[in-house]
Structure formats: structure tokens, C-alpha cells
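To start, the structure itself, in C-alpha cells.
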Amino acid sequence: MGAFAALAAVSVAEQQLTIVPLDRRQEMAELVQTRVVLNRIGNNLNQVARALNSGDEAPEADAVLQLVGRAIRRVEAAADQIAKSRSRA
């Protein structure tokens with residue numbers, strides 16, 4: 001499993017990475033960056049699945065899946081917050 005994905009998932013889950021948009025352009029840049037990070041995590045999860053399907057072990061899989069779940073919930077919360085702020089504007 002890639003170290004980048006693990007570190008990114010941990011940072012998001014521990015709330016060390018946050019979206020602080022200054023304007024819509026920055027909001028979009030942050031969302032694009034988040035999408036890139038989540039795509040990389042997805043690629044690493046595919047590697048874990050491939051290893052498990054071929055009979056190899058992936059002892060870190062459960063912990064990473066929990067962190068990814070947290071990251072997804074944070075991204076969804078940020079998207080909801082952006083949507084709410086736009087509806088008030």
C-alpha cells in the first residue's frame with residue numbers, strides 16, 4: 001500500500017487537512033485537489049483488493065478502510081457546508 005495514501009487518509013481523518021476556501025475559485029481548486037487525493041487512495045485500495053484476491057495478505061487493510069471512511073465523511077461534510085454557504089449567498 002502506498003505511503004502517500006496512508007498519510008493522506010490519516011491526515012484527513014485526524015482533521016489535519018481542511019478545506020478553507022477564500023472564494024469560489026479556491027473552493028474549486030480545493031475540491032479538485034481532494035478528488036485527486038481520493039483517486040490515489042482508490043488506486044491503493046484496488047491494489048489491496050488485488051492482493052487479497054490473489055491470496056496474499058494485507059494486514060493494514062482494515063485500518064486503512066476505516067480511515068478512508070472517515071475521510072469520505074469529512075469530504076461529504078465539507079461539500080454540504082459549501083452547498084449551504086452558496087444557498088445563503
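Just one of the listed residues (VAL37, VAL32) is exposed (fewer than 12 other Cβ atoms within 10 Å of the Cβ), not polar (S, T, N, Q) and not in a loop (DSSP other than H, G, I, E, B), and it is VAL32.
Summed over the range 46-76, the residues that are under 12 Å from the mean Cα position of the chain (by Cα) and either under 26 Å from MET28 (Cα atoms) or modelled with pLDDT of 80 or more (or both) give a count of 12.
Just one of the listed residues (ARG50, ARG86, ARG70) is part of a helix (DSSP H, G or I), in contact with a helix residue (DSSP H, G or I) (Cβ under 8 Å, 6 or more places away or on another chain) and not aliphatic (A, V, I, L, M), namely ARG70.
If you go through the range 1-40 and keep only what is farther than 28 Å from SER85 by Cα and modelled with pLDDT of 75 or more, you end up with just ARG40. Residues in the range 49-68 that are more than 20 Å from SER11 (Cα to Cα) and surrounded by 10 or more Cβ atoms within 10 Å (Cβ to Cβ): ALA49, ARG50, ALA51, LEU52, ALA58.
The values are calculated or read from the model by the stated rules, or taken from the named source; none is laboratory data. Every value quoted in this text rests on a predicted model; they were computed, and no experiment measured them. Glycine also receives a Cβ, built like all others from the backbone with ideal geometry; neighbour counts cover every protein chain displayed.
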